[in-house]
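The values are calculated or read from the model by the stated rules, or taken from the named source; none is laboratory data. These numbers come from a predicted model, not from an experiment. Because the Cβ atoms are built from the backbone with ideal geometry, glycine has one as well, and the counts that use them run over all protein chains shown.
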Ligand SMILES: [Zn+2]
């Protein structure tokens, strides 16, 4: 269906480059942290393009921007797509921005082809997705979906003590529409993969079926500080010996749970951190992820058991606790199917995958039918000024988005 409709890849690419100049960094990336002057400038540029494309704009109380292209029946719930324009301090030109501008390009392509959809279509900018300046990621979509009270978001402060509310007012983005979700027919988010898999597999499109379960845990092990010289190995109470025991077991546990397991030991701190003292205390973190609910729980439970077992054997007191958990998401089957059909229509090389990172779509999926589309990024790099994708890949993803939205908005 509708094979004849295509986005204008050059227009999309030139807008990505134009947006990349707002808050540009010396190394070719962007610093457009949420609700800074640069973020305001980027948002205003987007709104100018939307106005030129004939969209009706509205801004809600947490600064989310909705650009609507009217349908034949404007009482029907819209088909929406969007992502974020804010970046990390040393962010790239595509993370988030691609999804916003691909959404606008869908609207432009429908204008060019003079197509009227039954349902209205909206391109959305969600406020403060990155959570670097104000420390809650996916904030705007969390408020909209009812996961975070508006006042809690308003009260978040940056390192200079400025609140989200103050900065929304200062930048002119405290809108008048209520920041709560209203009925939506279908929601899609196009995004760069932020990992290396599509590139390595030689695929252009990732059909994203969900987001993996993830959690982070702290492991604390007590030892007894002792001199590195006079104390025989067998007489030490050394937390590092427990690590030596459980670490290989945890890696093989991850292997047992299949190639989609992720286990990362990103922090290991021994104290007193002296060359010639057996550590009296060790703290390390483990980040655990898996798309399958059952495998994920096995990973967590077995991690706790294996660490405890190693410490018991060495008679070292230990404590494990979870300090962050994000439950996995399964995207809406109808939305995923719409993307599958769109990929076939376009004839793109593709694969099914789960997202390893959180996205605004995770919040949306709680309250409206949602799915995602991934395109490759060079070397899997993201949250990096060198983040890159190609115009061909960006165009392919936007064509898939166009087809999926057209189908969803048809009746
Ligand atoms: Zn993003």
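For the range 184-211, how many residues meet the condition of being more than 18 Å from residue 95 (Cβ to Cβ) and within 16 Å of the ligand (Cβ to nearest atom)? Residues in the range 184-211 being more than 18 Å from residue 95 (Cβ to Cβ) and within 16 Å of the ligand (Cβ to nearest atom): 1 in total. Checking every residue in the range 401-409 against the condition of being within 16 Å of the ligand (Cβ to nearest atom), under 28 Å from residue 187 (Cβ atoms), modelled with pLDDT of 95 or more and not in a loop (DSSP other than H, G, I, E, B) gives at least one match. The listed residues are 153, 228, and the only one of them that is more than 16 Å from the ligand (Cβ to nearest atom), surrounded by fewer than 17 Cβ atoms within 10 Å (Cβ to Cβ) and over 24 Å from residue 103 (Cα atoms) turns out to be 228. The residues on offer are 136, 124, and the sole one that is surrounded by fewer than 20 Cβ atoms within 10 Å (Cβ to Cβ) and under 22 Å from the mean Cα position of the chain (by Cα) is 136. Residues in the range 212-225 that are more than 16 Å from the ligand (Cβ to nearest atom) and part of a strand (DSSP E or B): 213, 215, 216, 217, 218, 219, 220, 221, 222. Scanning the range 206-226 turns up no residue that is within 19 Å of residue 275 (Cα to Cα), out of contact with any helix residue (DSSP H, G or I) (no Cβ under 6 Å at 6 or more places or on another chain) and free of Cβ contacts under 8 Å to residues at least 24 places away in the same chain.
Considering the range 38-134, there are no qualifying strands (runs of 3 or more DSSP E) wholly inside with 2 or more residues that are outside the structural domain of residue 365 (by TED's automatic domain parsing), touching a residue at least 60 places away in the same chain (Cβ under 8 Å) and more than 16 Å from the ligand (Cβ to nearest atom).
Among the residues of the range 287-315, the one identified as exposed (fewer than 13 other Cβ atoms within 10 Å of the Cβ) and assigned to a loop (DSSP other than H, G, I, E, B) is 315.
Comparison of 404, 361, 386, 398 shows that the only residue that is more than 26 Å from residue 260 (Cβ to Cβ) and buried (at least 24 other Cβ atoms within 10 Å of the Cβ) is 398. Filtering the range 352-365 to residues that are touching a helix residue (DSSP H, G or I) at 6+ places or on another chain (Cβ under 6 Å) and either within 12 Å of the ligand (Cβ to nearest atom) or more than 16 Å from residue 96 (Cβ to Cβ) (or both) leaves only 360.
In the range 316-332, of all residues being assigned to a loop (DSSP other than H, G, I, E, B) and at pLDDT 95 or above, the one that is surrounded by the most Cβ atoms within 10 Å (Cβ to Cβ) corresponds to 331.
Test residue 184 against the criterion of being within 23 Å of the chain's Cα centre (by Cα), part of a helix (DSSP H, G or I) and surrounded by fewer than 20 Cβ atoms within 10 Å (Cβ to Cβ), and give yes or no. When the stated conditions are applied, residue 184 does not pass them.
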